[in-house]
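Only one structure is covered here, and it is reproduced in the block below.
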Amino acid sequence: MNKPLVVITGASSGIGGAAAIKFSQEGYPLLLLARRLDRLEALKLPDTLCRQLDVTDLAGFKAALEEAEDKYGPTDCLINNAGILRVGKMDTQDPQEWQQMFNTNVLGLLNGIHLVLAGMRHRKSGTVVNIGSVAGRKNYSDFTGYCGTKFAVHAISEGIREEVAEDNVRVVTIAPGIVETEIFNHSTHTETFQDFKGTIQEIGGGLSPADTAEAIWYAYRQPQSICIREIVLAPTRQQ
Ligand code: NDP
């Protein structure tokens, strides 16, 4: 039997890219979304539609989903992974950075949930996987804005899980600690990141994107009657 459609946002690098490879190896057709289309296409995965998307664009998100569903059938799993990290002190950080983080990490995630949920409720089946963070459970100095977005992801996940549980739809939060990805390369606050890179070395390195993809896969591959509500995974030596 053909496997159902899995949609992954932010699949052009890091955790999203690793999840795309894992789910493709398991035989799922994919819709991969990110702003860097060339990076999605470079994965060269079979049965995969790659579309350029900024997750804050609700209309574009809807159009890409409709195109993929016409081709592969209804979305059975949405992995809300797209996210950005900007750090700094509240009094000096550029306020636009908080706005970009909340737009992408929170509102972009809500866009995806909004678009797939009605179909999942109707079919009485489906899974939404939201990528939270250890930074959505405890705060870190200089990461306040980012932590705010990830605390929001955890709250939203749990709220929506309760909303759709009676319709047999699962909502899963995956909360990784440090994963070695490009996310740390995009900060304008280089000082914090020099310290942070030192910390990663001291603890013997972060998780790999593939480690995190395995956790997503573990949650998804359970029978629909079992909802793994949250997985927190981190390097053992991370505080
Ligand atoms: P990467 O920077 O490697 O990946 C982030 C992905 O998000 C990229 O594919 C990027 O693609 C995409 N993205 C960013 N903004 C947008 C947007 N507006 N619209 C669509 N796609 C977007 O980082 P990670 O793999 O580390 O991050 C993935 C998720 O994991 C994030 O939500 C992050 O917060 C979370 N996380 C990461 C941890 C870590 O230590 N690395 C720890 C805990 C959670 P493009 O630029 O092409 O649009």
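The values are calculated or read from the model by the stated rules, or taken from the named source; none is laboratory data. For clarity, every value in this text was computed on a predicted model and none was experimentally measured. Glycine gets a Cβ as well: all are built from the backbone with ideal geometry, and neighbour counts include every protein chain shown.
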message: Give all pairs with beta carbons closer than 7 Å in which a residue from the range 68-96 that is small (Gly, Ala, Ser) meets a residue that is assigned to a loop (DSSP other than H, G, I, E, B); count only pairs at least 6 apart in sequence or on separate chains.
response: Gly73/Pro4; Ala82/Gly10; Ala82/Val55; Gly83/Gly10; Gly88/Asp142; Gly88/His189
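I'd like the residue in the range 164-199 that is part of a strand (DSSP E or B) and β-branched (Val, Ile, Thr) and, out of all such residues, is farthest from Val153 (Cα to Cα). Step through it out loud before you land on a result.
Step one: filter the range 164-199 for residues part of a strand (DSSP E or B), giving 170-176, 179.
Checking which are β-branched (Val, Ile, Thr) leaves us with 171-174, 179.
Numbers: Val171: 12, Val172: 11, Thr173: 8, Ile174: 10, Val179: 18 Å.
Only one residue tops the list, namely Val179.
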Hits in the range 14-59 (condition: more than 15 Å from the chain's Cα centre (by Cα) and under 17 Å from Leu117 (Cα atoms)): Leu58, Ala59
- line: Across (1) away from the ligand (no atom under 12 Å from the Cβ); (2) acidic (Asp, Glu); (3) surrounded by fewer than 21 Cβ atoms within 10 Å (Cβ to Cβ), Glu180 clears everything bar (1)
- line: So, first residue farther than 18 Å from Pro223 by Cα and free of Cβ contacts under 8 Å to residues at least 40 places away in the same chain in the range 152-176, second residue away from the ligand (no atom under 16 Å from the Cβ) and part of a helix (DSSP H, G or I), Cβ within less than 9 Å, six or more apart or across chains; the pairs are Glu163/Leu117
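Residues checked against (1) surrounded by 18 or more Cβ atoms within 10 Å (Cβ to Cβ); (2) modelled with pLDDT of 95 or more; (3) within 11 Å of the ligand (Cβ to nearest atom):
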residue: Phe143; (1), (2), (3): yes, no, yes
residue: Glu163; (1), (2), (3): no, yes, no
residue: Val171; (1), (2), (3): yes, yes, no
residue: Pro176; (1), (2), (3): yes, yes, yes
residue: Glu191; (1), (2), (3): no, no, no
residue: Ser208; (1), (2), (3): no, yes, yes
residue: Glu214; (1), (2), (3): no, yes, no
residue: Arg221; (1), (2), (3): no, yes, no
residue: Gln224; (1), (2), (3): no, yes, no
- prompt: If you scan the range 203-214, which residues turn out to be more than 11 Å from Ala234 (Cβ to Cβ) and without any contact (Cβ under 8 Å) to a residue 60 or more places away in the chain?
  reply: Gly204, Gly205
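Considering only the range 1-29, state which residues are within 14 Å of the ligand (Cβ to nearest atom) and not in a loop (DSSP other than H, G, I, E, B).
Of the residues in the range 1-29, the ones within 14 Å of the ligand (Cβ to nearest atom) are 7-22.
Residues satisfying the conditions are Val7, Ile8, Thr9, Gly14, Ile15, Gly16, Gly17, Ala18, Ala19, Ala20, Ile21, Lys22.
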